[in-house]
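Visitor: Quick one: the structure is below, and I'll ask about it shortly.
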Amino acid sequence: MKLDTTGIYYKDLNDIIVDSKDKTIELNNVCGQRYIGCALKGYNLTINGTPGNALAAYMDGSEIVVNGNAQDATGDTMNHGRVVVHGSCGDTCGYAARGGEIFIKNDTGYRTGIHMKEYGDMKPVVVVGGKSGDFLGEYLAGGMILVLGLGVEGVPVGGFCGTGMHGGVIYIRGNEVPKGLPKQVKVEEVNDDDISKIKWYVNLYCGFFGGDAESVMKAGFIKLTANSANPYRQLYTRN
């Protein structure tokens, strides 16, 4: 199904999607409609335009391709599925996600991956092709964030990276460590298992957006994890 969304109120648009018998849908002229793909399962959506906040929120097994930018809270509390954005994302991309994959060709705003967590065998992944704003991986509890920094000079993340991090992993392409890392975050060298995981997602990224995966991998990566010797939980009182 192809649908011109010009002037369609966001709630009406989402009702049309959910009620459609066609599970493969192309949405044209999207301009700020919110909650597209919310809790959706078993659909393939192509979005031409700029979806509004909370794209793919609570999504439970659909695939969404955005030919444009996405706004804030993409993949909020997502369970399963994949979002591919051929542009940039706003703030809080992947907020509290507990599964699924988000691929962003260019940049993300503040607090990418905030409160991301793992649940059972579900491990959320966010791949950023460009740079990320401040507070990347804030309160990260599980999952994986990969920042490639393509076309970016210097460290491709903003300040306060990993603040409150107590699980999961952040990979940053390059050999320069972000300044001002909190004591609850430690820097490690990547091992063969890390390289295998990174390569898998770099290959997927280049498959979606183009580019040479081998060239991307040559730059090297650093790994950020929670420092168990100085855990975030020590900030709280205990009985």
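Just so it is clear, none of the values below were taken in a lab; they were calculated from the coordinates. All values reported here derive from a predicted model rather than from experimental measurement. Cβ atoms come from the backbone with ideal geometry, glycine included; neighbour counts cover every protein chain shown.
Visitor: Just the Cα atoms of the range 1-118, one point each, no solvent: what log10 I(q)/I(0) does Debye give at q = 0.10, 0.21 Å⁻¹?
Guide: -0.24, -1.09
Visitor: With a ≥ b ≥ c taken as the square roots of the eigenvalues of the C-alpha gyration tensor of the range 55-171, please select rounded if a/c is under 1.5 and otherwise prolate if a/b is larger than b/c or oblate if it is not? Could the numbers behind the result be given before it?
Guide: Details: a/c = 1.79, a/b = 1.10, b/c = 1.63.
Oblate is the answer for the range 55-171, as a/c is 1.5 or above yet b/c matches or exceeds a/b.
Visitor: Output the 0 to 90 degree angle, nearest 10, between the alpha-carbon long axis of helix 192-209 and the longest principal axis computed from the alpha carbons of the chain.
Guide: For helix 192-209, the angle is close to 30 degrees.
Visitor: Going by C-beta contacts inside 10 Å, put 66, 190 in order with the fewest on the left. Walk me through the numbers before you get to the answer.
Guide: On the way: 66 27, 190 16.
If I rank by nearby Cβ atoms, fewest first, I get 190, 66.
Visitor: What is the distance, in nm, between label points placed 7 Å from the Cα along the Cα-to-Cβ direction at residue 11 and at residue 153?
Guide: 5.0 nm
Visitor: Can you pull the one-decimal nm distance between simple spin-label points at residue 192 and residue 28, each 7 Å off the Cα toward Cβ?
Guide: 5.2 nm
Visitor: Could I ask something else about it? Across bins of 10 angstrom width beginning at 0, how are the C-alpha pair distances of the range 111-163 distributed, in whole percent?
Guide: 27, 51, 19, 2
Visitor: In the range 54-119, what is the volume of the convex hull around the alpha carbon atoms, normalised per residue and reported in Å³? All intermediate terms of the calculation are to be shown ahead of the outcome.
Guide: On the way: hull volume 3.6 nm³, N = 66.
Cα-based convex hull of the range 54-119, divided per residue, equals 54 Å³.
Visitor: How far apart, in nm, are two points set 7 Å out from the Cα along the Cα-to-Cβ line at residue 67 and at residue 217?
Guide: Going from the residue 67 label point to the residue 217 one covers 3.1 nm.
Visitor: Only loop residues by DSSP count here, and only those with at most 11 other Cβ atoms within 10 Å; note down the trypsin sites (Lys or Arg not before Pro) in the range 144-214 that meet that. Provide the component values of the computation, followed by the final result.
Guide: On the way: sites: 173, 179, 183, 186, 197, 199; in loops: 179, 183.
Here the sparse-neighbourhood loop sites are 179, 183.
Visitor: Nearest-5 percent of antiparallel DSSP beta bridges in the chain?
Guide: On the way: 11 of 51 bridges.
Restricted to the chain, the bridges split so that about 20 percent are antiparallel.
Visitor: Taking DSSP loops as anything outside H, G, I, E and B, show the longest stretch in the chain free of chymotrypsin sites (Phe, Trp or Tyr not before Pro) there with at most 11 other beta carbons within 10 Å. Walk me through the intermediate numbers first.
Guide: Working: sites that count: 9, 236.
Formally, the longest exposed-site-free interval is 10-235.
Visitor: Given the convex hull over the Cα atoms of the chain, what projected area results after averaging over all orientations, in nm²? Don't skip to the end; give the middle numbers.
Guide: Values: hull surface 54.2 nm².
Projected area, direction-averaged: 13.5 nm².
Visitor: Taking the chain as the reference, fit the longest principal axis to its C-alpha atoms, fit the long axis of helix 10-19 to the helix C-alpha atoms, and give the angle between the two in degrees, 0 to 90, nearest 10.
Guide: With rounding to tens, the tilt is 80 degrees.
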